[in-house]
1. Looking only at the range 42-76, count how many residues are modelled with pLDDT of 55 or more and either over 30 Å from residue 203 (Cβ atoms) or surrounded by 14 or more Cβ atoms within 10 Å (Cβ to Cβ) (or both).
2. Quick one: how many residues across the range 1-19 are among the hydrophobic types (A, V, I, L, M, F, W, C), touching a Leu at 6+ places or on another chain (Cβ under 8 Å) and not in a helix (DSSP H, G or I)?
3. Answer yes or no as to whether residue 79 is of a type in the set (Phe, Trp, Tyr) and either closer than 15 Å to residue 154 by Cβ or modelled with pLDDT under 90 (or both).
4. I need the full set of residues from the range 82-101 which are outside any loop (DSSP other than H, G, I, E, B) and either over 15 Å from the mean Cα position of the chain (by Cα) or at pLDDT below 90 (or both), in order please.
5. From (1) surrounded by 21 or more Cβ atoms within 10 Å (Cβ to Cβ); (2) under 22 Å from residue 119 (Cα atoms), pick out the condition that doesn't hold for residue 136.
6. For the range 1-41: of the residues being free of Cβ contacts under 8 Å to residues at least 40 places away in the same chain and touching a Ser or Thr at 6+ places or on another chain (Cβ under 8 Å), which is surrounded by the fewest Cβ atoms within 10 Å (Cβ to Cβ)?
Amino acid sequence: SEAMEPLAAVLPRAFASALTLDEGWFEPLTDRHASALRCVNYPALPPDEGDPDGDGDGDGGQERGAQRVRVRAGAHTDYGALTILRSGGPGLQVARDRAVAPIDETRDDNDDDDDEPQWVDAPDLPDAFIVNIGDLMQRWTNDEWRSTLHRVVAPGGAGRTAERRRSMAFFVNVNNDAVVEPLGTCVGEDRPARYPPVRAGEYLMRKHLASMGVSFSEE
C-alpha cells in the first residue's frame, strides 16, 4: 500500500483544482488517512450447466433478448473518497446514466434494484489504473460528481469458461475525524446543500454495518 500513497496524494490535488479549490485543500484531511489495499480473487468458473447450448442466454437456444450474465461481484459503490483499481482482466462494468439520488449512510444503497442500469464494459488496459469516485466525494461535491456504481461479471456469457481473475483495489479514505459536507464551490442559491456534515469514520462504519444488515438508530 505504501507504493500507492504517492498516487493517492496526487489525485486529490487534481480534484481540488477541478473544484476550483486550492490544490492542497484535501491535504489536512488526509495526513492521517485510513486508506486500505484489498486484493480480490475471483476463482475460475466452468460453463453454466443451465446453458446447454452455450450461447449465454441460459434457455437452451430460445432467444429472450438480453444475454444472461454471471455476476462475480454485485452492483455497488465504494464508500470512501475514491478508489484506485488495478484490474485483473475483463469483467468490470460501470453503470451508465444512473439517476442521482442522495446517499443515505443508514442503509445499503446497493440493494436498490428498482431501475436496472445500463451496464458498460470498462476497458481492460495493460499497465493502467481505473479511478472510481466514492460516496464521500459525491457528498463533498453535492452530487456534481457521482459515486461510481459498478459490478464484476464473468465475460463471454454463462456458456463459457471464465478464467481466474485477480485485482487490487486501493481504497483512498480520508482521516476518520474529517468532517465531510458539501463544498462551497458546489453550493449556491439554485443548488442548496443536499447533505448534512458527517465525520468520515462514522460514515464508513455506518455503511459497512448497513451492508451486513445491521440496523441502528441515529441520535
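The values are calculated or read from the model by the stated rules, or taken from the named source; none is laboratory data. None of the values given here were measured: they were computed from a predicted structure. Cβ: placed from backbone, ideal geometry, glycine included. Neighbour counts: every protein chain shown.
1. So the count comes out to 17.
2. 2
3. It is false that residue 79 is of a type in the set (Phe, Trp, Tyr) and either closer than 15 Å to residue 154 by Cβ or modelled with pLDDT under 90 (or both).
4. 96
5. (2)
6. 23
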